[in-house]
Amino acid sequence: MNSKLPNTNTSIFAVMSQLANENNAINLSQGFPNFDVSPKLIELVNENMKRGFNQYAPMPGIIKLREIISEKTEKLYNRKYNPETEITITAGATQALYTAITALINEGDEVIVFEPVYDSYLPAIELSGGKPIFLELKGKDYKIDWNEVQKVVTAKTRMLIINSPHNPTGSVLDENDIKQLEKIVTGTNITVLSDEVYEHIIFDGKKHLSVSTSEKLAKCSIIVSSFGKTFHTTGWKIGYCVAPKELMKEFRKVHQFVVYAVNTPLQYAISEYLEDESNYLNISAMYQEKRDYFNKALKNSKFEIIPTSGTYFQLLDYTNLSQLKDTEYAEYLTKEHKVAAIPISAFYHDKIKSKVLRFCFAKDKNTLDSAIEKLLKL
């Protein structure tokens, strides 16, 4: 078979989750919460199923949900998106990212990505005939070097993908990053694809700076968000995308043939659930409590805790524990100590040498306590 993705193997998330299952290990690798969804949200889904909302939704999503997303975005980021023409409901963020890349990237187009890079970006670029241009985030705080970005921008640069809060590192963009990004794209044909799925999981009083807060960036950006991440319902696979009318028109051309329409009763349920702003504005506090609990417990361990400002992931440097490669140490940790994590090298195209693992702390207290107990024995 002439594979269209000859260098792509099974996702590291699937590999580590399977390894965790085979070894009866605590799975802090794959990013899924293991605590209950809001009973109110479950009730709303059930009610809307009983009301008969079980057939196809409109291709862009039900208008009620798009309208409340428009209101939410305006309140949070002072940017108004037309619910008719500039907002589309998607079958999760991965579908939205794939659709955006497929809609805009042609053979030979260059796409700037920052490593460590979330693994779904690259296959979509390659399938569209695009060329990823890799830049490495700098330092233990994983910051973008904008001088390096400027050097790699060419006439072929069609897209720049950013992710804040960033998976896997937990770094976030600040005001200077937004200003530097404005300078990079002004006067170019570059579209910014902004992965903002963790927008409501940000810590220490920091504010999520969506690219929609910038007049210049909003005009050339497609923004992807996720209800699965916000409401810890990752298995529902529902998210949304906002973009200017011209970009959204191209997005929908592809969207309609990738998925056509998204789960109808979930859309109605979420539209009602969003009416209470506390359902998403209080998410950060809940996850910060979990992060702080996890980190405090490991403070005196042999791991070095690398600060995370967002997402529900924590990076731990194990240099003081082993000289094994991170892939080998992740396997050892899973098999011998029954805690599974993700090796950071998996987020680099050349699989760099690393002594850092990513742990998901979106777990209930009992799970975290069990994992902490095992990690402290190392």
- Message: Being of a type in the set (Gly, Ala, Ser) and crowded, with 17+ Cβ neighbours inside 10 Å is the filter here; which residues of the range 245-283 pass it?
- Response: 261, 269, 271
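Matching residues to (1) under 24 Å from residue 290 (Cα atoms); (2) of a type in the set (Ser, Thr, Tyr); (3) modelled with pLDDT of 95 or more:
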site	(1), (2), (3)
169	yes, yes, yes
174	yes, no, yes
201	yes, no, yes
251	no, no, yes
269	no, no, yes
- Mind counting the residues in the range 158-179 that are touching a residue at least 40 places away in the same chain (Cβ under 8 Å) and within 15 Å of the chain's Cα centre (by Cα)? 12
- Residues in the range 235-256 that are within 17 Å of residue 223 (Cβ to Cβ) and assigned to a helix (DSSP H, G or I): how many? 10
- Restricting attention to the range 47-56, which residues are part of a helix (DSSP H, G or I) and without any contact (Cβ under 8 Å) to a residue 24 or more places away in the chain? 50
- Query: Within the range 176-185, is there a residue that is acidic (Asp, Glu) and assigned to a loop (DSSP other than H, G, I, E, B)?
  - Reply: no
- Message: Of the residues 182, 215, 199, only one is within 19 Å of residue 243 (Cα to Cα) and either in the same structural domain as residue 288 (by TED's automatic domain parsing) or without any contact (Cβ under 8 Å) to a residue 24 or more places away in the chain (or both); which?
- Response: 215
- Query: Inside the range 121-169, can you point out the residues that are over 23 Å from residue 217 (Cα atoms), among the small types (Gly, Ala, Ser) and surrounded by 15 or more Cβ atoms within 10 Å (Cβ to Cβ)?
  - Reply: 128
- Task: Would you check which residues across the range 331-358 are within 15 Å of residue 13 (Cβ to Cβ) and free of Cβ contacts under 8 Å to residues at least 60 places away in the same chain and list them?
- Result: 345, 357
- Note on the structure: Note on residue 138: of the conditions (1) free of Cβ contacts under 8 Å to residues at least 24 places away in the same chain; (2) more than 30 Å from residue 9 (Cβ to Cβ); (3) in contact with an Asp or Glu (Cβ under 6 Å, 6 or more places away or on another chain), unmet is (2)
- Give me the pairs, please: first residue somewhere in the range 281-292 and more than 17 Å from residue 369 (Cβ to Cβ), second residue anywhere and in a helix (DSSP H, G or I), beta-carbon distance under 7 Å, and either six or more positions apart or on two chains. 283/230
- Query: Of the numbered conditions (1) outside any strand (DSSP E or B); (2) surrounded by fewer than 18 Cβ atoms within 10 Å (Cβ to Cβ); (3) in contact (Cβ under 8 Å) with a residue 60 or more places away in the chain, residue 80 satisfies every one except a single condition; which is it?
  - Reply: (3)
- Message: If residue 38 satisfies all but one of (1) in contact with a helix residue (DSSP H, G or I) (Cβ under 9 Å, 6 or more places away or on another chain); (2) at pLDDT below 95, what's the number of the condition it fails?
- Response: (2)
- Task: Examine the range 219-226 for a residue that is farther than 16 Å from residue 92 by Cβ and hydroxyl-bearing (Ser, Thr, Tyr), and state whether such a residue exists.
- Result: yes
- Message: When you scan the range 362-374, do you find a residue that is of a type outside the set (Val, Ile, Thr) and closer than 16 Å to residue 140 by Cβ, even just one?
- Response: no
- Selection from the range 1-43 of residues in contact with a Pro (Cβ under 6 Å, 6 or more places away or on another chain) and either buried (at least 18 other Cβ atoms within 10 Å of the Cβ) or of a type outside the set (A, V, I, L, M) (or both) yields 8
- Task: Please indicate, with yes or no, whether at least one residue in the range 87-103 is assigned to a loop (DSSP other than H, G, I, E, B), among the small types (Gly, Ala, Ser) and farther than 20 Å from residue 167 by Cβ.
- Result: no
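The values are calculated or read from the model by the stated rules, or taken from the named source; none is laboratory data. Just so it is clear, the model here is predicted, and its values are computed rather than measured. Quick reminder, even Gly has a Cβ in these numbers, built from the backbone with ideal geometry, and neighbours come from all protein chains shown.
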